[in-house]
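**Student:** Dumping the structure here so I can ask a few things about it.
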Amino acid sequence: MALKVINEGKEILTDPCHFFELNKFCSDQGVDLTFEWIQGQYWLHSDRPKELPIGIEVDATLKRHEEFFKKSSLQKELLARAVGVKGAHRPTVVDLTAGLLGDALLLLSFGCEVIAVERNPVIRFLIQSALLNSTHPKLKKFQFIEGSALSVLETSPPSQVAYFDPMFEDTNDKASPRKEMRIFRQLLGQDTDASEVFSKLKNLPFKRLVVKRPRHSISLGQHPDVEYIGKSTRYDVYFSHQND
Ligand SMILES: C[S@@+](CC[C@H](N)C(=O)[O-])C[C@H]1O[C@@H](n2cnc3c(N)ncnc32)[C@H](O)[C@@H]1O
């Protein structure tokens, strides 16, 4: 099982320190991974040769969101409502499941301060590489932490809002998953500890905990205080009852 790194069409020798974690991931998981250096950052090759590699275009995504929200109200965004964006209020959100930063960049573009956490070494590598290749001013409000949600929360003070979007077995999803999700599922499998993490998060002093679920899935654990239901996604919101 091997790690391959390509630059300008040729395989290159890799610095064992820089790629230590990825080499270990390949041998531990029994997978072959190919990364390619394109326009200032690393991209992960798809398992299907005709597909473009996956990575994160941080600056371009933030600019696209900025343009979109010049014309569209934030209040139309279920995620904005779920985390409590209202009037001038912009909560600090700790995104415990960063993935390819889709939601984190959306939260940043709402004007929230975002602390994103990711535990998988392949995804972490893509995030770090993309961040080093980004200069958007909104990133001043962004922090990335490598590690598992619970270990990070043990050492960092809790923020106003915790956001949790684990990988799930979607029994209702008849459609083929999009490329990123298919590769995620191959690489990461399911986040089988999601219920356990959720139970621990519930006992931490966040003002609100927001859990992203497929629209028709059962909630993690218990019935939420509020649900925001979209076409395919649902945000389950739990308020802190610690001072009730
Ligand atoms: C469904 S994806 C998140 C997608 C992300 N919200 C986005 O918009 O791109 C789940 C990600 O969370 C990570 N993850 C799951 N459980 C975690 C945990 N307990 N701590 C840290 N990362 C976790 C997985 O490795 C995976 O990259």
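Just so it is clear, none of the values below were taken in a lab; they were calculated from the coordinates. Keep in mind that this is a model prediction, so the values were computed, not measured. Here the Cβ positions follow ideal geometry from the backbone for every residue, glycine too, while neighbour counts run over all protein chains shown.
**Student:** Taking a threshold of 20 Å on the Cα-Cα distance, which of the pairs LYS76/LYS231; LYS50/LYS212; LYS76/LYS200 fall above it?
**Tutor:** Where the Cα-Cα span goes over 20 Å, the pairs concerned are LYS50/LYS212; LYS76/LYS200.
**Student:** When DSSP assigns beta bridges and you keep just the ones with both residues in the range 58-239, what percent turn out antiparallel, to the nearest 5?
**Tutor:** Beta bridges within the range 58-239, antiparallel portion: roughly 45 percent.
**Student:** Add +1 for every Lys or Arg and -1 for every Asp or Glu among the other residues with Cβ under 15 Å from the Cβ of GLY147, and state the total.
**Tutor:** With Lys, Arg at +1 and Asp, Glu at -1, the net is -4.
**Student:** Here's another thing I want to ask about it. Hey, what number do you get for the chain at 222 nm if only DSSP H runs of n ≥ 4 count, each worth -39500 (n - 2.57), divided across all residues, to the nearest 500? The partial results should precede the final answer.
**Tutor:** Details: 8 runs with 77 residues, N = 244.
The per-residue figure over the chain is -9000 deg cm²/dmol.
**Student:** Out of LEU105, LEU44, SER72, whose Cα points farthest toward the positive end of the dipole of the range 38-119 (charges: +1 Lys, Arg; -1 Asp, Glu; placed on Cβ)?
**Tutor:** Value: SER72.
**Student:** Going by the alpha-carbon gyration tensor, a ≥ b ≥ c the square roots of its eigenvalues, is the chain rounded (a/c under 1.5) or, if a/c is not under 1.5, prolate (a/b greater than b/c) versus oblate?
**Tutor:** It is prolate, given that a/c is not under 1.5 and a/b is the larger ratio.
**Student:** Can you tell me the relative contact order of the chain? Whole percent, Cα pairs under 8 Å, sequence separation 6 or more.
**Tutor:** Working: 377 pairs, mean separation 38.1, N = 244.
Computed over the chain, the figure is 16 percent.
**Student:** Taking amide H atoms as placed 1.01 Å from N in the peptide plane, list the residues 5 or more away in sequence, or in a different chain, whose amide H sits under 5 Å from that of ARG234.
**Tutor:** ARG213, ARG215
**Student:** To the nearest 20 Debye, how big is the dipole of the range 58-239 about its Cα centre, given +1 on the beta carbon of each Lys and Arg and -1 on that of each Asp and Glu?
**Tutor:** The calculated dipole for the range 58-239 is roughly 680 debye.
**Student:** Also: Round to a whole angstrom and tell me the spacing of the C-alpha centers of the range 183-244 and the range 90-121.
**Tutor:** 15 Å
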